[in-house]
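The values are calculated or read from the model by the stated rules, or taken from the named source; none is laboratory data. Keep in mind that what you see is a predicted model, and the values were worked out from it rather than measured. Please note: Cβ atoms are built from the backbone with ideal geometry, for glycine as well, and neighbour counts cover all protein chains shown.
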2 protein chains.
Amino acid sequence: MNGLLTDLYQLTMAAGYHLAGKTGDRAVFELFLRRLPPNRNFMVAAGLQQAVDYLLNLSFGEEEVRYLKELQQFARMQESFFDALRRFRFTGDLYAVPEGTPLFPGEPFLTLRAPLMEAQIPETYLLATVGFQSLVATKAARIVEAAAGRSVVEFGTRRAHSPEAGVLAARAAYIGGCIGTSNTLAGFRYGIPVFGTAAHSWVQAFPTETEAFGRLQELLGPGTIYLIDTYDTLEGARNAASLGAPFWGVRLDSGNLAELSRAVRKILDDAGFPEAKIMATGDLNEHKILEFVANGAPIDVFGVGTELVISTDAPNHGAIYKMVEHEAGGERRFTAKFSADKSTLPAAKQVFRYAKRDLVGTADECPPGDCEALLRPVIYGGQLLEPLPPVSEARQHSLASMQRLPKKLRSLFECDPPWAVELSPKLKGLSALVRARVESNGK
Amino acid sequence: MNGLLTDLYQLTMAAGYHLAGKTGDRAVFELFLRRLPPNRNFMVAAGLQQAVDYLLNLSFGEEEVRYLKELQQFARMQESFFDALRRFRFTGDLYAVPEGTPLFPGEPFLTLRAPLMEAQIPETYLLATVGFQSLVATKAARIVEAAAGRSVVEFGTRRAHSPEAGVLAARAAYIGGCIGTSNTLAGFRYGIPVFGTAAHSWVQAFPTETEAFGRLQELLGPGTIYLIDTYDTLEGARNAASLGAPFWGVRLDSGNLAELSRAVRKILDDAGFPEAKIMATGDLNEHKILEFVANGAPIDVFGVGTELVISTDAPNHGAIYKMVEHEAGGERRFTAKFSADKSTLPAAKQVFRYAKRDLVGTADECPPGDCEALLRPVIYGGQLLEPLPPVSEARQHSLASMQRLPKKLRSLFECDPPWAVELSPKLKGLSALVRARVESNGK
């Protein structure tokens with residue numbers, strides 16, 4: 001992992017810490033959301049695997065160091081700093097919630113405890129990878145909820161914000177509850193089931209639609225899905241049925257999908273294929289799917305692209321990565337930010353999940369009652385404690401966690417009251433102490 | 001470039017073409033927008049370099065082939081198909097508009113002319129990389145227009161849809177007119193100017209803000225930018241001024257930026273630093289910047305993150321990649337799609353740009369009058385004709401092209417009438433012929 005994939009200021013700060021003799025300082029940083037994106041009652045954590053891969057492989061090659069040496073920002077730095085970059089590896093600790101865990105505002109997705117420079121440099125990458133995948137996993141959970149038991153497949157790579165984002169979106173969508181993806185590399189890398197048969201260009205590549213369908217059936221047999229809207233959807237359905245078994249079903253990709261699905265269902269049934277399935281694609285989202293389901297449109301599988309991989313109605317997470325503890329010269333200080341609209345709470349935290357509420361306390365608390373501590377050690381002293389579970393397990397965890405949330409929290413709109421997140425008395429007390437210190441200008 | 005980074009159906013279609021004996025077929029595909037995203041009067045083309053890198057390096061390794069062989073979709077394929085994948089390389093032609101060119105609906109960003117399978121497989125990757133970068137370059141052009149001569153820097157990697165998307169967003173934002181980025185890897189890879197000094201955690205890592213500022217000044221000298229809102233913005237400005245020269249200026253990141261910028265300007269001026277600059281960051285977009293500029297807020301540089309790298313108000317492009325010609329057994333057919341709401345025009349096209357309108361014709365036309373043919377050959381027979389220009393040149397091209405557009409087209413809202421895009425008589429005629437053929441069921 002190229003150490004330069006970060007904001008320049010992470011590296012100038014690393015240089016500054018070096019210059020200021022703070023190479024022995026340690027810090028704790030937490031990644032969390034201040035508030036939920038619109039219409040969200042939870043965020044499904046995802047992206048931990050990529051965060052771990054990054055931390056374990058983060059380094060600076062000689063060319064990268066040479067590039068930095070030529071920047072005016074590092075003109076005052078001596079060779080010892082560049083040597084520190086050449087030797088850089090992450091030696092700290094990572095705590096994180098398992099992928100697939102629903103989280104609420106103020107609850108850390110992950111906590112880094114490391115030498116100051118090692119905790120600072122990863123900020124940008126961690127926010128981008130955890131933030132993005134959590135957005136998509138959350139959107140997937142909404143769409144899967146709306147589909148009410150019908151299957152949802154992720155089809156969005158072409159609309160993703162870069163091809164690599166498409167691979168990660170496929171991963172996150174699977175964690176959020178999709179049954180699979182069209183992204184072949186995501187299947188190869190992560191073992192996610194892959195789906196897809198043919199596009200309009202396939203139909204166009206043959207003299208007639210019927211010939212195109214026949215050729216597809218030769219290739220895919222019982223897995224054949226005919227895309228029937230290249231010329232005329234109903235005619236396409238009749239052409240598909242005329243070829244007879246075996247085939248899986250048909251795909252609709254344009255027009256009034258609710259109406260067409262009924263008409264196509266009738267054509268398939270009348271032709272003696274009541275088992276043939278109907279897949280619908282084309283600018284779908286959780287609201288449209290909810291309506292199809294509510295109206296009983298005979299659609300068996302929804303293929304969702306754009307809105308899923310971009311999380312179009314909430315395409316940005318407000319995730320932040322903030323220093324909560326700082327240790328210098330053997331002395332530990334709790335830190336927080338009290339800017340007008342952007343304040344944060346001090347101290348490394350733990351999230352305790354009870355049946356109907358969460359309690360956020362300090363990492364060393366153990367509150368009474370039947371609860372689960374969500375943040376678990378993942379990397380200790382730079383070493384991975386154990387391999388992360390496969391994505392299929394994260395998906396199961398996400399689906400099971402959704403079922404445990406109250407139904408109204410799974411609504412597509414904001415739920416009032418939201419899930420209760422309380423602060424422990426110790427955390428509240430610490431926060432007041434830090435605020436008093438900052439306001440008395442001790443900082 | 002991993003050949004699996006595509007939708008599975010591209011590969012099943014490749015298999016199907018093989019099975020159907022169509023390995024000798026050739027096709028022409030075009031990548032274009034059906035319509036502009038909301039509030040857009042143009043799209044700035046970007047991402048060509050990544051499209052070219054992909055096409056020239058696209059291949060399938062042995063592990064990837066083994067993965068495909070185990071999928072049920074390829075169960076009927078013989079070894080000759082997998083050998084074709086192992087030998088795969090792009091042998092076709094690519095035509096494209098230069099990066100930084102503003103385009104309008106129906107105008108190809110790029111045209112691929114290649115054996116059918118070689119033209120089919122790249123669809124997903126090309127749409128994702130050209131689509132995303134064009135979105136960001138377009139958003140950047142809007143923001144730069146709103147800034148009316150003040151500088152705009154891209155600061156959004158942490159909000160991008162994955163870290164790699166952040167690198168590409170930095171590239172596209174620069175092409176769209178930003179002066180640089182915070183993304184260090186984008187600086188390293190593409191030679192884009194990089195910016196950034198310190199975050200709130202820097203201030204928190206020292207006992208007092210003044211000490212933190214002093215240490216930063218030691219590191220950065222005249223390039224020092226103090227982030228002054230960790231505790232209190234005006235107090236921060238006074239602390240910055242108290243340290244004296246040299247420093248570049250200060251950064252505001254929260255609160256009422258218009259009011260604070262005036263108060264901070266006064267503090268800096270009163271302290272004898274009228275040359276010190278003010279940078280503002282924090283959820284900015286083109287509309288807020290337009291307002292700051294209109295109200296004369298003394299902000300010299302805008303740092304824009306989230307809204308730029310996500311293109312929040314229009315986070316998805318409707319780019320499509322469609323077959324327009326197909327050649328089989330020595331016979332060439334023009335192809336088009338006539339689905340209800342998704343029709344396309346047949347034949348490989350050229351875009352002729354006149355002073356006040358565009359003419360879209362077939363690729364072999366040469367219309368009269370003073371115009372420029374925008375699509376140029378880039379790859380011929382699988383060979384790159386010449387290296388693409390550096391991003392700095394694409395940026396100059398974009399800035400110059402913007403200046404040539406009528407002012408009202410550069411508005412932040414939809415302009416009526418839009419830029420005129422006419423179709424040549426030949427293209428209209430061809431389209432009517434193809435439609436007649438399809439409707440007579442010849443397809």
**OP:** Pick out the one residue from B:ILE143, B:ILE121 that is of a type in the set (Val, Ile, Thr), more than 9 Å from chain A (Cβ to nearest Cβ), under 28 Å from A:PRO193 (Cβ atoms) and touching a residue at least 40 places away in the same chain (Cβ under 8 Å).
**Re:** B:ILE121
Original post:
Considering A:GLU70, A:GLU99, which residue is surrounded by fewer than 18 Cβ atoms within 10 Å (Cβ to Cβ), modelled with pLDDT of 95 or more and not basic (Lys, Arg)?
Top reply: A:GLU70
**OP:** Determine which single condition A:LEU227 fails, assuming it passes every other condition in (1) over 17 Å from the mean Cα position of the chain (by Cα); (2) modelled with pLDDT of 95 or more; (3) at the interface with chain B (Cβ under 8 Å from one of its Cβ atoms).
**Re:** (3)
**OP:** State whether the residues of region B:429-436 include one that is more than 21 Å from B:ALA96 (Cα to Cα), of a type in the set (Val, Ile, Thr) and in the same structural domain as B:TYR54 (by TED's automatic domain parsing).
**Re:** yes
Original post:
Hey, among B:GLU62, B:GLU79, which residue is of a type in the set (Asp, Glu), in contact with a Lys or Arg (Cβ under 8 Å, 6 or more places away or on another chain) and modelled with pLDDT of 95 or more?
Top reply: B:GLU62
Original post:
Which of the residues belonging to region B:391-417 are over 23 Å from B:ALA96 (Cβ atoms) and of a type outside the set (S, T, N, Q)?
Top reply: B:PRO406, B:LYS407, B:LYS408, B:ARG410, B:LEU412, B:PHE413, B:GLU414, B:CYS415, B:ASP416, B:PRO417
**OP:** Could you figure out which of (1) among the aliphatic types (A, V, I, L, M); (2) facing chain B (nearest Cβ under 7 Å); (3) over 20 Å from B:TYR54 (Cα atoms) isn't true of A:VAL153?
**Re:** (2)
**OP:** Might you let me know whether region A:345-362 holds any residue that is among the aromatic types (Phe, Trp, Tyr) and farther than 25 Å from A:TYR17 by Cα?
**Re:** yes
Subject >> Qualifying position, being in contact with a Phe, Trp or Tyr (Cβ under 6 Å, 6 or more places away or on another chain), at the interface with chain B (Cβ under 10 Å from one of its Cβ atoms) and closer than 30 Å to A:LEU110 by Cβ, among A:GLY131, A:GLY180 >> reply: A:GLY180
**OP:** Determine which member of the set B:PHE302, B:PHE273 is in a loop (DSSP other than H, G, I, E, B), more than 12 Å from every other protein chain (Cβ to nearest Cβ) and among the aromatic types (Phe, Trp, Tyr).
**Re:** B:PHE273
**OP:** Return yes when A:GLY305 is at positive phi and outside the structural domain of A:SER424 (by TED's automatic domain parsing) and no when it is not.
**Re:** no
**OP:** Name the one entry in A:ARG435, A:ARG395 that is farther than 30 Å from B:GLY236 by Cα and of a type in the set (Lys, Arg).
**Re:** A:ARG395
**OP:** Could you please find all residues in region A:32-48 being touching a helix residue (DSSP H, G or I) at 6+ places or on another chain (Cβ under 8 Å) and either under 16 Å from A:LEU127 (Cα atoms) or part of a helix (DSSP H, G or I) (or both)?
**Re:** A:PRO37, A:MET43, A:VAL44, A:ALA45, A:ALA46, A:GLY47, A:LEU48
Subject >> Options B:PHE60, B:PHE90, B:PHE81, B:PHE74; residue that is away from every other protein chain (no Cβ under 13 Å), in contact (Cβ under 8 Å) with a residue 40 or more places away in the chain and not basic (Lys, Arg) >> reply: B:PHE90
Subject >> Answer residue from region B:1-31, given it is part of a helix (DSSP H, G or I) and aromatic (Phe, Trp, Tyr) and is nearest to the other protein chains (Cβ to nearest Cβ) among those >> reply: B:TYR9
Original post:
Among the listed residues B:PHE132, B:PHE82, which satisfies the condition of being in contact with a Leu (Cβ under 8 Å, 6 or more places away or on another chain), surrounded by fewer than 24 Cβ atoms within 10 Å (Cβ to Cβ) and part of a helix (DSSP H, G or I)?
Top reply: B:PHE82
Original post:
If you go through region B:313-353 one residue at a time, how many are aromatic (Phe, Trp, Tyr) and more than 9 Å from every other protein chain (Cβ to nearest Cβ)?
Top reply: 2
**OP:** Could you grab me the full set of residues in region B:139-171 that are of a type outside the set (Phe, Trp, Tyr) and not in a helix (DSSP H, G or I)?
**Re:** B:ALA148, B:GLY149, B:ARG150, B:SER151, B:VAL152, B:VAL153, B:GLU154, B:GLY156, B:ALA160, B:HIS161, B:SER162
Original post:
With B:ILE289, B:ILE310 as the choices, which residue is away from chain A (no Cβ under 14 Å), in contact (Cβ under 8 Å) with a residue 40 or more places away in the chain and closer than 30 Å to A:PRO37 by Cβ?
Top reply: B:ILE289
**OP:** Sort through A:THR281, A:THR312, A:THR306, A:THR335 and tell me the only one that's among the hydroxyl-bearing types (Ser, Thr, Tyr) and more than 23 Å from A:VAL136 (Cβ to Cβ).
**Re:** A:THR335
Original post:
Got a number for residues in region B:388-442 being within 14 Å of chain A (Cβ to nearest Cβ) and either assigned to a strand (DSSP E or B) or of a type in the set (Val, Ile, Thr) (or both)?
Top reply: 2
